[in-house]
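Report on one structure; see the data block that follows.
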Amino acid sequence: MKHEVPNLNDFNKRLRDEASIEPTMEVPQGAPTSQTQIIAIYGKGGIGKSFTLANLSYMMAEQGKRVLLIGCDPKSDTTSLLFGGKACPTIIETSSKKKLAGEEVAIGDVCFKRGGVFAMELGGPEVGRGCGGRGIIHGFELLEKLGFHDWDFDYVLLDFLGDVVCGGFGLPIARDMAQKVILVASNDLQSLYVANNVCSAVEYFRKLGGNVGIAGLVINKDDGSGEAAAFAKAVKIPVLAAIPQDDDLRKKSANYQIVGTGKSQWGDLFAQLGDAVGLAPPVRPAPLDQDGLLALFDAKDTGGDYVLVPASDLDMRGKNAEPKASLEVVYDDV
């Protein structure tokens with residue numbers, strides 16, 4: 001049986017067209033209740049946002065706050081630590097199944113709770129089969145249908161992947177869906193690069209009339225080298241907490257154990273972070289350019305003192321390099 005060869009050009013065009021679609025006006029625009037703080041947390045993939053948020057939300061609930069934690073990362077790993085490694089059904093996955101069955105999504109299908117924390121995952125498309133940013137937009141459309149703006153919470157924490165700069169992942173900043181942003185980074189160039197990009201996005205939309213600001217930076221896996229603190233000072237945002245690089249924390253995180261509780265030796269750290277998150281005002285950052293970011297590190301570690309050497313046409317031709325005949329007109333001596 002002869003299989004039809006897919007037209008990859010058409011497939012590529014469909015993906016590009018999908019990714020370029022602007023968010024629709026159906027995305028929730030209304031303000032939450034006056035008592036609710038909606039906070040978007042951004043950071044580089046793998047930097048520890050899920051660890052930070054799971055423990056922060058658990059501690060805030062212990063402090064008597066009503067907290068909703070929403071995972072907005074296609075990896076859907078935000079709630080795994082909160083639920084002891086158990087993956088909960090995502091909103092997008094559940095919506096697709098319910099739609100095929102001709103049923104409506106209910107709160108109990110997608111929202112689960114532990115220790116006073118309510119949590120859910122937006123999810124995303126299967127790998128290579130759609131745009132993650134559009135998945136985020138679709139997820140928030142469904143949240144509004146479920147009554148998002150009528151819910152009674154003190155804090156709504158949104159866990160966003162910071163590496164991706166498309167419109168879907170920038171939704172809370174672009175649409176004023178959150179009052180403030182918290183950055184999670186470490187003392188390494190790549191995580192600070194992502195944090196600086198988010199600062200640039202916040203500043204861009206502030207110039208367009210937006211109101212979202214940066215509440216501060218959480219330094220995770222802090223080894224004391226100081227680059228993240230120097231970054232916070234340079235972009236004019238506060239450090240809300242410094243979570244040390246500690247083997248006990250690493251092991252507990254790997255084993256899906258909650259440390260953001262008064263019963264843990266780390267309880268005071270997360271209690272102080274919970275207080276800081278609630279009180280920190282949204283400020284307008286001063287993002288760095290590439291040279292300014294590199295200047296936070298020793299040049300011998302980053303190559304920041306390297307001088308660019310231009311390539312030539314002969315360099316590019318390599319073994320195919322041949323002298324080109326000159327077009328210059330040479331006149332014989334008379």
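Out of every Cα-Cα pair in region 52-91, what percent are more than 11 Å apart? Above the 11 Å cut-off, region 52-91 has 63 percent of its Cα pairs.
Out of every Cα-Cα pair that region 200-282 contains, those further apart than 21 angstrom amount to 42 percent. Here's how it looks for V283: its modeled amide H is under 5 Å from those of I214, A215, which are all 5 or more places away or on a different chain. Residues E144, E328, ordered by accessible area of protein heavy atoms at a 1.4 angstrom probe radius and largest first, appear as E328, E144.
Accessible area per residue was computed with a 1.4 Å probe on protein heavy atoms; D289 scores about 100 Å².
The trypsin sites (Lys or Arg not before Pro) of region 187-240 that meet both conditions, a loop assignment by DSSP and at most 16 other Cβ atoms within 10 Å of the site Cβ, are K236.
When you work out D = kT/(6 pi eta Rh) for region 194-334 at 37 °C and 0.692 mPa s, using the Kirkwood radius from C-alpha pairs as Rh and the Stokes-Einstein form, the result is 165 µm²/s. Remark: region 148-260 projects, on average over all directions, an area of 8.5 nm² (convex hull of Cα atoms).
Take region 196-295 with all the other protein chains still there, run a 1.4 Å probe, and you get 50 Å² of accessible area per residue. The ellipsoid equivalent to the alpha-carbon distribution of region 186-246 has semi-axes of 24, 11, 9 angstrom, derived from the gyration tensor eigenvalues as √(5λ) and listed largest first.
The values are calculated or read from the model by the stated rules, or taken from the named source; none is laboratory data. Please read all numbers here as calculations on a predicted model, not as lab measurements. Cβ coordinates were reconstructed from backbone atoms using ideal geometry, including for glycine residues, and neighbour counts include every protein chain displayed. Surface accessibility is based on the protein's heavy atoms, side chains included, excluding ligands, DNA and RNA. Shrake-Rupley method; radii C 1.70, N 1.55, O 1.52, S 1.80 Å.
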